[in-house]
Amino acid sequence: MEKYDLMSDKAEGFINAGEIALTLSTALKYGNDAAVVRQILAKAREKKGLSHAEAAVLLLNEDEEVWHEIATLAEEVKNAYYGNRVVLFAPLYLSNYCVNGCTYCPYHAQNKHIFRKKMTQEEIKAEVIALQDMGHKRLALEAGEHPVYNPLEYILESIDTIYGIKHKSGAIRRVNVNIAATTVEDYRRLHAAKIGTYILFQETYNKEDYEKLHPRGPKSDYKWHTEAMDRAMQAGIEDVGLGVLFGLHNYASEFVGLLMHAEHLEAVYGAGPHTVSVPRLCPADDIDTADFANALPDKVFLKIIALLRLAIPYTGMIISTREGQRIREQALKLGISQISGGSRTSVGGYAAESEPEKDSAQFEISDRRSLDEVVRWLMELGCVPSFCTSCYGNGRVGEDFMSLCKKQLIHRYCTPNALLTLKEYLDNYATPETAAVGESLLAREMALLPEVTRRFLQKRISLLKENKVVFF
């Protein structure tokens with residue numbers, strides 16, 4: 001059996017089954033040891049992060065008072081690193097053709113009744129214009145794995161199309177990409193296409209379960225899939241996004257594996273994951289969640305979010321419309337810094353002239369509110385909705401971004417840029433009700449800025465009338 005090695009280039013070295021088992025057995029032993037728990041909480045209070053072993057101890061602790069302390073600390077850490085800003089994005093599904101046999105996804109090749117669709121470049125243009133008209137500036141590109149229908153050339157052409165569309169006041173400024181694991185050379189091509197973050201969910205870190213859940217297709221290769229982020233970063237992609245699909249395997253094991261993966265990237269490449277996503281298994285087309293025995297209760301799900309924030313405080317954390325308003329509201333306090341809004345998970349789901357077939361979605365959406373409703377809701381919670389892509393545009397990525405974030409200095413850029421993009425949204429896309437709430441929030445938030453920053457921001461806001469956005 002491979003030994004645990006943080007610096008290993010082999011999947012079973014840095015995601016080591018023996019280390020996960022040892023971590024969980026130790027956490028079970030000390031999870032309710034008051035002295036050990038106090039020591040770990042004291043370290044968390046320093047806002048410098050926790051190891052996978054330390055975080056596991058807190059995860060398995062059963063004391064209700066400790067949970068309340070974890071929740072309070074998570075909120076403090078999130079505010080220290082990200083403040084009250086919440087970044088907004090939307091997924092864009094290009095094609096649901098897929099050759100894989102993933103048993104939890106309706107795109108699997110054996111599903112013969114799902115409506116299959118691959119968008120043309122003209123259809124993609126219509127989708128992007130619809131998204132721009134909502135106010136979106138940041139997309140997450142999604143596509144099934146299919147060498148004939150969805151080759152990399154198609155993805156690259158689609159990215160070029162998206163970046164090339166300028167409609168009214170709209171423009172997509174960052175295209176994040178969530179596609180199948182590929183080669184170093186292909187990752188270089190994605191990097192050259194100026195993608196934002198490369199996202200790939202591990203689904204499960206348990207090799208045995210992984211192979212059962214992926215019985216056929218290229219994705220069935222655990223090693224190839226798990227080592228994908230290494231190849232991406234070797235190819236020059238500095239921002240990568242991790243995630244597991246909670247509900248496929250034991251949550252504690254997945255939690256530890258996710259943190260081990262983050263630690264590996266940090267140790268080898270000098271920058272951990274730019275984002276971590278926390279999707280939960282949910283119903284979809286021919287997928288029944290009752291077939292899976294590891295469903296994650298809300299309380300455990302929220303505890304995982306809080307502990308991820310304590311363990312990897314610098315990382316952006318994403319929650320999608322798989323979750324409803326109630327859970328998303330609680331998750332925002334505990335560590336989430338990015339959410340989707342006005343999302344559609346069907347191929348061709350945004351443009352009015354290309355209504356999607358009823359059964360073409362990847363999963364059911366729980367939060368069906370429009371982007372405008374989500375923006376207003378965030379502001380009523382005291383959050384600043386952000387459409388900022390400044391760090392990407394100015395080269396603050398990878399290790400450079402992490403260096404600023406770990407020093408808790410990213411506020412200097414993110415806060416004024418978030419307010420600038422919020423003003424842009426209010427002027428061009430918001431309903432009158434949302435605009436009124438937003439202008440009041442802007443006034444309050446700008447009053448809190450240092451005077452020199454406020455003056456600079458006011459000058460840049462004046463440029464919005466000329467359809468110019470000059471970021472900090």
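Given the structure, is LEU131 under 14 Å from TYR350 (Cα atoms), in the same structural domain as GLY342 (by TED's automatic domain parsing) and in a strand (DSSP E or B)? Quick ask: steps written out before the conclusion?
Values: under 14 Å from TYR350 (Cα atoms): yes; in the same structural domain as GLY342 (by TED's automatic domain parsing): yes; in a strand (DSSP E or B): no.
Against the criterion (under 14 Å from TYR350 (Cα atoms), in the same structural domain as GLY342 (by TED's automatic domain parsing) and in a strand (DSSP E or B)), LEU131 does not qualify.
Which one is nearest to HIS108 (Cα to Cα), of the residues in the range 170-204 that are touching a Ser or Thr at 6+ places or on another chain (Cβ under 7 Å), touching a residue at least 60 places away in the same chain (Cβ under 8 Å) and assigned to a loop (DSSP other than H, G, I, E, B)?
Within the range 170-204, the match that is nearest to HIS108 (Cα to Cα) is PHE201.
Looking only at the range 429-472, which residues are at pLDDT 95 or above and of a type outside the set (A, V, I, L, M)?
TYR429, THR431, PRO432, GLU433, THR434, GLY438, GLU439, SER440, ARG444, GLU445
Among the numbered criteria (1) at pLDDT below 95; (2) under 25 Å from THR182 (Cα atoms), which one does CYS282 miss?
So CYS282 meets the others, but not (2).
Could you check LEU307 against (1) modelled with pLDDT under 90; (2) surrounded by 24 or more Cβ atoms within 10 Å (Cβ to Cβ) and say which number it fails?
For LEU307, the exception is condition (1).
Are any of the residues in the range 445-454 acidic (Asp, Glu) and closer than 16 Å to GLY382 by Cα?
First, the residues of the range 445-454 that are acidic (Asp, Glu): 445, 451.
Now drop any that are not closer than 16 Å to GLY382 by Cα, which leaves 445.
Yes: the range 445-454 contains one or more residues that are acidic (Asp, Glu) and closer than 16 Å to GLY382 by Cα.
Contact list please: Cβ distance under 7 Å, first residue in the range 299-313 and more than 14 Å from GLU323 (Cα to Cα), second residue assigned to a helix (DSSP H, G or I) and among the charged types (D, E, K, R), pairs at least six apart or on different chains.
Every condition considered, the pairs that remain are ARG309/LYS78.
If you go through the range 82-97 one residue at a time, do you hit one that is among the charged types (D, E, K, R) and part of a helix (DSSP H, G or I)? Quick ask: steps written out before the conclusion?
Step one: of the range 82-97, the residues among the charged types (D, E, K, R) are 85.
Adding the requirement that they be part of a helix (DSSP H, G or I) leaves none.
No.
The values are calculated or read from the model by the stated rules, or taken from the named source; none is laboratory data. This structure is a prediction, so every number in the text was calculated from the model and none was measured. For neighbour counting, all protein chains shown are included, and Cβ atoms are generated from backbone atoms with ideal geometry for every residue, glycine included.
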